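J.: Got a structure here, written out as C-alpha cells. Questions coming.
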Amino acid sequence: MTTITFNISEDVKNAFNEMFWDKNQNAVISNLMLQAIEKEKTRRKRVEAIDALLALRSEISPVTSQEIVMARYEGRS
C-alpha cells in the first residue's frame with residue numbers, strides 16, 4: 001500500500017466526507033482512480049480510432065451517393 005497526497009478544496013473534502021462517512025474512503029478513492037484510468041484508456045482509444053479514420057479518409061477518393069446505392073444493390077445480388 002502506498003500514500004498519495006492531493007490538494008483539493010475544502011468544499012470537495014467536506015462533501016466527500018459527508019457523502020462517504022460510512023464507507024472505506026480509501027477504497028472509494030481507489031475505485032474512483034481505477035474508473036478514471038479506464039475512462040482515459042477509452043478516450044485515448046477513441047482518439048486513435050478517429051485519427052486512423054481521418055488518415056484513411058485523406059487517402060481514398062470521395063464516393064457519390066449514387067455510387068453507394070449501386071454498391072449496395074450489387075452487394076445484394
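Please treat every number below as a calculation from the coordinates, not as lab data. All figures in this text were calculated on a predicted structure; none of them were measured in a lab. Counting neighbours? That spans all protein chains shown, and the Cβs are built from the backbone with ideal geometry, glycine included.
J.: Out of all Cα-Cα pairs in the chain, roughly what percent, to the nearest whole number, are more than 21 Å apart?
T.: 61 percent
J.: Could you size up the charge dipole of the chain around its Cα centre, putting +1 on the beta carbon of Lys and Arg and -1 on that of Asp and Glu, and report it in debye to the nearest 20?
T.: 260 debye
J.: Using only DSSP helix segments of four residues or longer, with each worth -39500 (n - 2.57), what per-residue ellipticity at 222 nm results for the chain after dividing by its residue count and rounding to 500?
T.: Computed mean residue ellipticity for the chain: -25500 deg cm²/dmol.
J.: Length gain on complete extension for the stretch residue 60 to residue 20, per 0.36 nm per residue less the alpha carbon to alpha carbon distance?
T.: Residue separation times 0.36 nm, minus the Cα-Cα distance, leaves 9.0 nm.
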